[in-house]
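Here is the structure we will look at.
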Amino acid sequence: MSAQTEAGRRPLADADAARRAIALALPMLEASLDDKGVGESHCLHIVIMDPGKPYGSCAFEQAILHEHSLPSRDRWDADYAHYAREKARITWRTAIDSGQLMDLAPHLLCTGDTVLAGAIVLDGIVVAASGANGWYDEAFSRCIASLLRAVVRERLHGNTQG
């Protein structure tokens, strides 16, 4: 149970909502894999943290809401899942975008922390990406966080397509 959720109440920002946010972003993400300006690895790993499990409420692994890899990991040239998790970990802990920590709050860094850009926090939603250039990792993360927020709003207001 989430630290902020009462017994019997289900968070709206759940794993299904995270999967839907990724699905909505997939056309953009897949198209970016072949763009060398975005990055030369041609792969991406995304970590979405559970906004109902803030830092200190549980272990890091328990706070991961959803992860997604593009394409399959057998084509990776590095462990992008590890990098994305480390970016997510530091942003979850500090509530500061990983790319801004060096400039805004280097005093919050600990031995072993990554200084790679790519994780963002948007209204308590932490998303990290790794595999592209850091500025694109951040852009993709911000897009997915915005989509997760939109999916939750869709749930609140009901599906109004038509």
(message) I'd like to verify a number: residues in region 94-142 that are surrounded by 14 or more Cβ atoms within 10 Å (Cβ to Cβ), part of a loop (DSSP other than H, G, I, E, B) and among the hydroxyl-bearing types (S, T, Y), how many?
(response) 1
(message) Suppose we keep only residues that are of a type in the set (V, I, T) and over 10 Å from the mean Cα position of the chain (by Cα) within region 111-131. Which one would you say is farthest from I144 (Cα to Cα)?
(response) T111
(message) Given the condition under 17 Å from V126 (Cβ atoms) and in contact with a strand residue (DSSP E or B) (Cβ under 9 Å, 6 or more places away or on another chain), answer yes or no: does some residue in region 27-34 qualify?
(response) no
(request) Within region 25-47, track down each residue that is among the aliphatic types (A, V, I, L, M), surrounded by 16 or more Cβ atoms within 10 Å (Cβ to Cβ) and at pLDDT 95 or above. (result) A25, L29, V38, L44, I46, V47
(message) As an exercise: evaluate I22 against (1) closer than 13 Å to F140 by Cβ; (2) part of a loop (DSSP other than H, G, I, E, B) and give the number of the one condition it does not meet.
(response) (2)
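The values are calculated or read from the model by the stated rules, or taken from the named source; none is laboratory data. Remember, it's a predicted structure, so these values are computed and weren't measured experimentally. Virtual Cβ from ideal backbone geometry, glycine too; neighbours counted across all protein chains shown.
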